[in-house]
Amino acid sequence: MDCDVLIVGAGPAGCAAGATSAKRGVKTLVIDRKKEIGTPVQCGEVVSTSLLRQSGLRLPPGTICYRQDFTRFVLDRKWTLDNRSPYWKGVTVERKMFDKFLAEEAARLGAGVQADTCLIDLERDGDQVLSAKLRMRGREVVIEPKVIVAADGVHSTVGKLLGRNGFDRTDLATGVEFEMVSKRKLPPCMQIFIEPEIGLGYGWVIPKGDRRANVGFGQVGKRLSRRDALLDWIVQHPIISSYFDDRCILEVKTGDAPVPDFEGGPYKGNVLFAGDAAGQTLAFVGEGIMPAYLCGGCAGNAAADAVINGIEALGGYDAAVRGLVGAEMSLGSDLRDALVLIWTIEGLTGHQRALISGLVMNQVLGEGDMALFDDIPEDGDLWKLVKQRIKAQGQSIRLSKVK
Ligand SMILES: Cc1cc2nc3c(=O)[nH]c(=O)nc-3n(C[C@H](O)[C@H](O)[C@H](O)COP(=O)(O)OP(=O)(O)OC[C@H]3O[C@@H](n4cnc5c(N)ncnc54)[C@H](O)[C@@H]3O)c2cc1C
């Protein structure tokens, strides 16, 4: 039961940390309070193919349930923008199977993995954690790891026990989603809905099969039970209601996603933070599965280094994260800032906000263009700019009117 590296949380960050640390020959234990790793799911389950490729992960059959060649943005229910650039190609995973596969990989590489085992307390001397108290399937156990990886999600218990401030409400997107069966065949792509009815955030239809999909929305800065609001949105939406109604909901998924400024690879004393616990998501969309996996790998490596070479080695974590994903994550934060601005500056119509947000998410407009909206544009001038910019993007982006 004892270990040198304790990893709290068996999501993508914790499993990657466990696999990397164990592979270095260090005694590693991954724990999760869930009775079944991967369940319940709190996720849209889509992964960008480019980040998946970067990870080198080879997923077994069954973990991927759908492949999407492009993403369709539906802007204010009036325009569609199809994006075929590499980032917007993706796969839908079955998170239950995906997380369990990652945990199995960590175990195969030598890590101990314990479900139904919850971290409940930490004994400290200043910033150094001396011991960790676990509730392991009903009984209490105290262990003395040399290093801890906090991969315990957006509302990190480790963070709270160490007095780390949680995320501000404005840095959290609250999501709610139903897995549903469609009345007819779905378009072969992820659909993202940007509209005044949602505001700062977006809705989505993420296919899990020809006629099965995650349908949901996420909003930044709200803290409400959104299940009724989601059902209303679905049945009143002119596009979505032509595919889905309230007769078939296979699963309900809710949760918070952190969308803060990128902090690199944070650590305190002998504790590293990874994945959602460290705010390591692409903040403009809240994509966190592959960032968590990639950064978790860096955390496991730094933890193993610290056990082998001394605690100062933890300092290498931040540089490793920035080297691996720093450019994408910083861009994600800049795009998030631009989106926040669009939904807060006065004078724009709801239609203009939706249109401009869609263009920012597709990087047709960037943070540098925001000065253009100091004077509120006429719709005609805005459209002229949009058409010029889309033409400059070449074949990968196509804008059409909703039929
Ligand atoms: C509604 C919604 C939709 C999303 N859709 C997508 C999407 O489509 N694509 C995407 O890439 N990202 C999506 N995300 C984000 C993504 O789910 C997360 O970024 C990702 O799961 C982060 O992985 P992680 O390993 O850091 O944390 P998690 O996956 O949250 O894992 C943390 C683990 O820690 C465990 N834990 C917590 N406390 C303790 C404790 N005290 N003791 C032991 N174990 C503990 C938890 O049980 C959990 O299993 C979405 C998020 C939400 C809320």
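Key figures for this structure:
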read-out	value
Cα centroid of segment 292-362 to Cα centroid of segment 142-218, whole Å	15
Alpha carbon Rg of segment 81-230, scaled by the compact-globule rule 2.2 N^0.38 Å	1.38
Alpha carbon convex hull of segment 150-248, volume per residue in cubic angstrom	116
With every protein chain in place, segment 185-313: carbon and sulfur % of accessible area (1.4 Å)	47
Projected area, mean over directions - segment 103-142, Cα convex hull, nm²	3.6
MRE, 222 nm, helices only [DSSP H, n ≥ 4, -39500 (n - 2.57), over the chain, to nearest 500]	-10000 deg cm²/dmol
The chain: angle of helix 289-309 to the longest principal axis, Cα-based, in degrees nearest 10	20
Three-way shape label, the chain, alpha-carbon gyration tensor, a/c 1.5	prolate
Segment 132-188, Cα convex hull volume normalised per residue, Å³	203
Unit Cα scatterers, Debye sum, segment 1-122: log10 I(q)/I(0) for q = 0.12, 0.15, 0.22 Å⁻¹	-0.53, -0.74, -1.20
Relative contact order for the chain, counting Cα pairs under 8 Å that sit 6 or more residues apart, in percent	21
Accessible area (Å², per residue) of segment 143-297, counting only protein heavy atoms and a probe of 1.4 Å	36
Per-selection metrics, segment 260-365 (Cα): Rg and Dmax in Å	17.0, 58
Residue among C248, A150, Q236 farthest towards the positive dipole end of the chain, charges placed on Cβ	C248
Ranked order, K403, K253 - accessible area, probe 1.4 Å, largest first	K403, K253
The chain: angle of helix 95-108 to the longest principal axis, Cα-based, in degrees nearest 10	30
Tilt relative to the chain, helix 379-392 - C-alpha long axis, 0 to 90 degrees, to 10	60
Cα gyration tensor category, rounded, prolate or oblate, for segment 361-400 with a/c compared to 1.5	oblate
Once the Cα gyration tensor of segment 228-286 is diagonalised, semi-axes √(5λ) in Å	37, 13, 8
Cα-centred dipole magnitude for the chain, charges only on beta-carbon of K, R (+1) and D, E (-1), debye, nearest 20	1580
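The values are calculated or read from the model by the stated rules, or taken from the named source; none is laboratory data. No experiment lies behind these values; they were computed from the predicted model shown. As a convention, Cβ positions derive from the backbone with ideal geometry for all residues, glycine included, and neighbour counts pool all protein chains shown. Protein only, heavy atoms only, side chains kept; ligands, DNA and RNA dropped before computing areas. Shrake-Rupley method; radii C 1.70, N 1.55, O 1.52, S 1.80 Å.
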